[in-house]
Amino acid sequence: MIVLAIVLAIVGLAIGGAAGVFYMRQQSGKAEEEAKKELTKAKKEAAETIRKAEEEAARKSEEARKDEQKRRGELKDIEQRLIAREDTLDKKLDELDKRSEKLRASEGEVEDLKSEIRVIREKQQDKLEKIAKLTKADAAEKLMSMTERDIKNDLLGLVSKLQNEAKEEAEELSAVILATTMERMASEVTSERTVTAVKLEDEEMKGRIIGKEGRNIQALQRATGVDILVDETPGMIILSSFDPVRREIARQAMEMLLKDGRVHPGRIEEVVDKAQKQVQKDVVRAGEDAAREVGLVGIPKEILQLLGELKYRTSYGQNVLKHSTEMAQLAAVMADELGADVKTVKYAALTHDMGKALSHKVEGKHHHISGEMLRKYGAPEEVALAAEQHHDDMEATTLEALIIRVCDAISAARPGARNISAENFAERMKDLENTALGFDGIEKAYAISAGREVRVFVKPKSIDDLQAIKLARDIANKIESTMQYPGTIKVNVIRETRAVEFAK
């Protein structure tokens with residue numbers, strides 16, 4: 001059984017191997033047939049591709065050959081055109097050469113003719129000089145004199161007519177411009193005041209203001225430089241001073257003291273200091289408001305400061321800041337009519353009297369100071385020139401300067417604009433104070449009581465009591481010899497020593 005099984009196994013293996021060999025041979029035959037088919041197909045496709053490529057190459061070659069022939073034909077045409085043009089240019093050059101030769105020949109003939117004409121003219125001139133017995137220069141002069149004599153009267157008449165017409169037209173036009181300018185401005189009449197009234201809510205406050213033995217009122221007068229009148233008007237305290245800045249400081253200080261109720265020398269000094277700072281703020285605000293009112297921006301802060309101080313300055317009773325803003329508006333209208341620079345004119349008109357804020361500190365005329373300050377703080381040169389030249393001691397070199405000069409006269413000349421007596425009074429008060437300040441050792445000097453008294457505060461370390469008595473006499477003598485005034489002037493020299501210490 002075992003042997004049989006082994007034999008059967010061997011026989012099975014032999015049969016399986018034979019079957020595998022047969023199957024493999026059968027599959028190999030099929031693969032060879034498929035490969036032959038694919039090879040035949042590939043050969044056909046390759047042949048077709050080669051045929052198409054050859055056809056495409058032949059077509060491209062033909063196109064290239066045609067393009068080459070076309071380009072050669074175009075180049076040949078261009079070459080022929082260039083040859084033709086060159087021939088034409090050669091012909092033209094030949095013609096030009098011939099013309100040049102003809103022109104040279106003609107020029108020679110013309111020069112010969114000119115020479116002949118010149119000779120003939122000289123001969124004729126010689127004959128004329130012999131006949132007239134005059135040289136060429138004499139004949140020309142005689143002819144000119146005869147012509148001048150004939151037309152002189154006509155020329156004079158024509159010039160006179162033109163001048164009269166121009167003058168009439170200029171006067172008519174200037175009248176129209178001035179009338180138009182003034183019609184568009186209607187400013188209030190300015191009046192000068194040298195006193196300020198402060199209302200009292202309680203009559204008992206008068207006693208506090210005066211203080212024990214007049215201590216408080218004296219301290220207030222000394223700190224502000226203002227004459228204070230308490231008993232003259234019921235319910236009112238009168239502040240009298242020719243300097244509007246001092247009056248304004250005194251007014252604000254007085255109102256703060258009345259509102260607070262505490263009145264003593266120490267408090268007075270503190271309140272006056274606050275009032276001075278507040279007036280300083282008002283000054284800056286006034287300058288900014290004036291610039292905004294006339295439509296100017298970019299003005300330096302230092303110029304606005306000086307401009308604001310004009311709020312408290314007057315000229316012949318006319319408020320200088322109002323006068324300046326009025327002038328700026330007048331000048332803008334006139335500049336627009338005349339074709340001048342409107343911005344330059346407005347800037348110069350607004351600042352033309354700026355020097356009046358410094359005339360008591362800086363030597364020189366106010367318009368010269370205005371020009372110097374404008375240049376110092378960076379204003380344009382044309383603005384400084386126009387402001388500086390608005391008075392007759394300097395020649396107006398620009399149209400803008402002439403407009404400023406005219407507008408200044410218009411603003412000042414309108415009825416009620418100025419008050420000569422008030423201005424003279426203010427000048428006299430300033431002269432009185434300056435006379436006292438001219439001595440050494442003086443700290444402050446105030447003219448009060450309408451100029452009937454000058455109050456002088458000396459430096460206690462520089463002036464002793466005996467020197468104070470002599471100083472009062474010297475000041476009085478100088479006032480008598482240098483000033484004219486009605487009545488008498490009291491010279492009050494005050495020497496005060498203070499001792500201050502702090503408890504900590």
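The values are calculated or read from the model by the stated rules, or taken from the named source; none is laboratory data. Keep in mind the model is a prediction, meaning the values are calculated, not measured. Here Cβ is always computed from backbone atoms with ideal geometry, including for glycine, and neighbour counts include all displayed protein chains. Ligands, DNA and RNA are stripped out before the accessible areas are found, and what is left, the full protein with its side chains, is counted by its heavy atoms. Shrake-Rupley method; radii C 1.70, N 1.55, O 1.52, S 1.80 Å.
For the reader, a short list of remarks on this structure follows.
- Rounded accessible area of I463 (nearest 10 Å², 1.4 Å probe): 20
- Cα→Cβ-extended label distance, 7 Å offset, between K490 and D260, nm: 2.9
- Solvent exposure, largest accessible area first (probe 1.4 Å, DNA, RNA and ligands not counted), of S481, S100: S481, S100
- Rounded percent of accessible protein surface that carbon and sulfur make up, region 222-346, 1.4 Å probe: 48
- Average accessible surface for region 28-84: 93 Å² per residue, computed with a 1.4 Å probe over protein heavy atoms with every protein chain in place.
- Fully extending the segment from V500 to R81, taken as 0.36 nm per residue of separation minus the present Cα-Cα distance, adds 139.2 nm.
- Residues A35 and L8, FRET efficiency given R0 of 41 Å [Cβ-Cβ distance, rounded to 0.05]: 0.50
- Using a cut-off of 24 Å between Cα atoms, the listed pairs K259/K281; K311/K361; K259/K356; K356/K430; K301/K444 include K259/K356; K301/K444 as exceeding that distance.
- Pairwise FRET efficiency - K142 versus E122, Cβ, R0 = 22 Å, nearest 0.05: 0.60
- Pairwise FRET efficiency - T482 versus M236, Cβ, R0 = 51 Å, nearest 0.05: 0.90
- Å² of accessible area per residue within region 202-299, as computed with a 1.4 Å probe and no ligands counted: 49
- Around G73: net Lys/Arg minus Asp/Glu count, Cβ-Cβ under 14 Å: +2
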